[in-house]
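I have placed the structure first, in the form of structure tokens, so that the comments after it can refer back to it.
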Amino acid sequence: WKAIAPRYAIGTVTGEISRWKWQDDTLTQETNYFKYGHVKWLTGDNAGISCEVRLYQHEVGSLPTIQLLEAMPHKINQGDTYKITQGCPKTRAACKAFGNLLNFQGFPDMPTEERALTTPNFTSSGTSSSDDGGS
């Protein structure tokens, strides 16, 4: 076993933007640290509700901003507390960074989704064949 630092933070909303986006000036993690993670609301109107994190930005000179995948059913208010957990993009590089490469069960050599779903361009290559009349 290897001891690792906790991959979560408990924070308090310091700036509300919308039902799916807010700011917290106490977070210090780099941009995208919490991307693909989860938020669980501890207090406020959304207490007990969890949602996936879509985006976490922390640019120099601005407050850290968290954006959820879905809007919360109730307004996010200043002072609401939450627990945010680091996510995993499910890539071989991420498993290696987490020290979990032996348990990676993905397909690292598969093409990306966009590449796998493309179709051949029939208009620019190949030759036409004569119709054999079918059978």
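Taking the stated definitions as given, is Cys88 open to solvent by less than 50 Å² (accessible area, probe 1.4 Å), assigned to a helix (DSSP H, G or I) and within 30 Å of Asp109 (Cα to Cα)?
Working: open to solvent by less than 50 Å² (accessible area, probe 1.4 Å): yes; assigned to a helix (DSSP H, G or I): no; within 30 Å of Asp109 (Cα to Cα): yes.
Criteria not met by Cys88.
Within the stretch 45-70, track down each residue that is open to solvent by less than 40 Å² (accessible area, probe 1.4 Å) and within 15 Å of Glu16 (Cα to Cα).
Asn46, Tyr56, Pro64, Thr65, Ile66, Gln67, Leu68
Here is a list: Lys75, Lys21. Which entry is open to solvent by 50 Å² or more (accessible area, probe 1.4 Å), in contact with a strand residue (DSSP E or B) (Cβ under 6 Å, 6 or more places away or on another chain) and either among the hydroxyl-bearing types (Ser, Thr, Tyr) or touching a residue at least 40 places away in the same chain (Cβ under 8 Å) (or both)?
Values: Lys75 fails: in contact with a strand residue (DSSP E or B) (Cβ under 6 Å, 6 or more places away or on another chain).
Exactly one residue qualifies, and that residue is Lys21.
What pairs come up if the first residue lies in the stretch 61-72 and is more than 13 Å from Thr26 (Cα to Cα), the second is part of a loop (DSSP other than H, G, I, E, B) and open to solvent by less than 60 Å² (accessible area, probe 1.4 Å), and their beta carbons are under 8 Å apart, counting only those six or more places apart or on different chains?
Ala71/Ser18; Met72/Asn46; Met72/Ile49
Within the bounds of the stretch 110-123, is there any residue that is within 21 Å of Tyr33 (Cα to Cα) and either part of a helix (DSSP H, G or I) or at pLDDT 80 or above (or both)?
no
Filter the stretch 24-44 for residues that are within 10 Å of Ile84 (Cβ to Cβ) and open to solvent by 50 Å² or more (accessible area, probe 1.4 Å) and give the result.
His38, Lys40
The values are calculated or read from the model by the stated rules, or taken from the named source; none is laboratory data. Only a predicted model underlies this, so the values are computations on that prediction, with no experimental measurement involved. Here Cβ is always computed from backbone atoms with ideal geometry, including for glycine, and neighbour counts include all displayed protein chains. These accessible areas exclude ligands, DNA and RNA; they are computed on the full protein's heavy atoms, side chains included. Shrake-Rupley method; radii C 1.70, N 1.55, O 1.52, S 1.80 Å.
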